[in-house]
Amino acid sequence: MEKSAGIVLFRIRTGGRQYLLLHYPIPSDYWGLAKGQIEAGEREEETALREVREETGLEDIKLIPGFYEKSHYFFTREGKKIYKEVSFFLGEVLDQSDGKVSWEHSALRWVSYEDAMKLIKYEKDKDVVRKGEEFLEGK
């Protein structure tokens, strides 16, 4: 089993809320969320913030209290089926920068909720963004 943590990142701009998506070119060419494996001794929140910093260069992130979602799925690596669990937080990006693309990704994009739902490939990622949007709308 693998455990990862990530953040549904959003910012407020003229015209409304925008979500940050990352393009993962390998292995299956998709748009998704910032996330990564939990390292020994790390708490989930620490992993999520570290991964965002490593993958986007963004550091000024305000985690939104009360939002926590888990996603579970299987994937195949080198012919082996692996169970993965990803814990997601919701975070407002306060940095003025748009972020930068890491070596792991080919692009990053700030998009509206509607465009995020069109771009995101995997239903589990769509579901966590949908829950984040509903959580923010309910506040």
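Worth pointing out:
- Annotation note: Cβ proximity below 7 Å between a residue of region 36-58 that is farther than 17 Å from residue 70 by Cβ and a residue that is of a type in the set (D, E, K, R) (sequence gap 6+ or interchain) occurs for 53/59; 55/104; 56/100; 57/100; 58/95.
- Here the condition is being under 14 Å from the mean Cα position of the chain (by Cα), over 17 Å from residue 18 (Cα atoms) and of a type in the set (D, E, K, R); of 81, 121, it holds for 121 alone.
- Among the residues of region 86-124, just one is of a type in the set (Asp, Glu), touching a strand residue (DSSP E or B) at 6+ places or on another chain (Cβ under 7 Å) and at pLDDT below 95, namely 98.
The values are calculated or read from the model by the stated rules, or taken from the named source; none is laboratory data. Keep in mind it's a predicted model, so treat the numbers as computed, not measured. Counting neighbours? That spans all protein chains shown, and the Cβs are built from the backbone with ideal geometry, glycine included.
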